[in-house]
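S.K.: Quick one: this structure, given as structure tokens, is what I'll be asking you about.
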Amino acid sequence: MYNHLELMSIQAGVLYIHDHAGRITTINERSNQPAPRFFWGQTVAGRIVRFRSDVPDHSIHDIMQFMDQGDSTEQLADVIHALEKDREIRGIWMGPAFTFHEIVKDYTDATLVTEDNKYCLEPGFPALLSELKFRLPCFMVTENNMAISVCFSARSSDKAAEAGVETLKDYRGKGYAMRVTSSWAQGIRRCQRIPLYSTSWDNYSSLSIANRLRLHLYGTNISIY
């Protein structure tokens, strides 16, 4: 069993590619999009901080000093100010990070996507189908041989995987997302890895899934671009 700080460190390794110096370079996906300039994972046991490889050393020095002073609100304001000195901030993302301390067995009846049934993804989730080998395991709920809700590995490492959940618009609010998410988490556990789930504070439908599946909150993520 990992403590909260260990889970946050593992999540950082799932979310981002790191260089030899421990700086983050890109997000951990095939698209290789740039990582945020600053990642802050806060837990009750401490924090995990990552800087993108192009953040100047003097900015890192200032930010680490700020983070040892004041409360979290003051620290965040100081971090933003320090990063703005280098270049304009393009966006800030904040949200909770969860793990599955238990799998809700009532919702593990979704179908594992295989070579034999992956055609069900084509009508509603063609992009996922084209990237399927990088998103496994993937689970789906189908209707008339068409996937209407899916949960897949959005980002993965050898220790853990982060859930990606999508449901077609006309089928939302029917509990399908819970079924695919719980089934996916069970599949990740079978692979001896840790299932992780994170979202933003304003994504109420995603937060509802976490609440109904009784996910365990282990920290808060802040990403500054």
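S.K.: Taking only C-alpha pairs under 8 Å that are 6+ residues apart, what is the relative contact order of the chain in percent?
M.R.: Working: 405 pairs, mean separation 61.0, N = 225.
About 27 percent, as a whole number.
S.K.: Can you tell me the dipole magnitude for the chain around its Cα centre, using point charges on the Cβ only (Lys, Arg +1; Asp, Glu -1), in Debye to the nearest 20? Intermediate results must be reported in sequence, preceding the final value.
M.R.: Values: 24 positive and 26 negative charges, 117 e Å.
Dipole size: approximately 560 debye.
S.K.: Roughly what % antiparallel, to the nearest 5, for the DSSP beta bridges in the chain?
M.R.: 90 percent
S.K.: Please identify, among TYR16, TYR176, TYR197, the residue showing maximal mean-square fluctuation in a Gaussian network model of the chain using a 10 angstrom Cα cutoff.
M.R.: Maximum among the listed residues: TYR176.
S.K.: Filter the chain for me: DSSP H helices, axial length by Cα at least 27 angstrom, mean Kyte-Doolittle hydropathy not below 1.0. List them by residue number.
M.R.: Length and hydropathy pass: none found.
All of the numbers you see were taken from the coordinates with simple rules; none came from a lab. Computed from a predicted structure; not experimentally measured. FYI the Cβ positions are ideal-geometry reconstructions off the backbone, even for glycines, and counts take in every protein chain you see.
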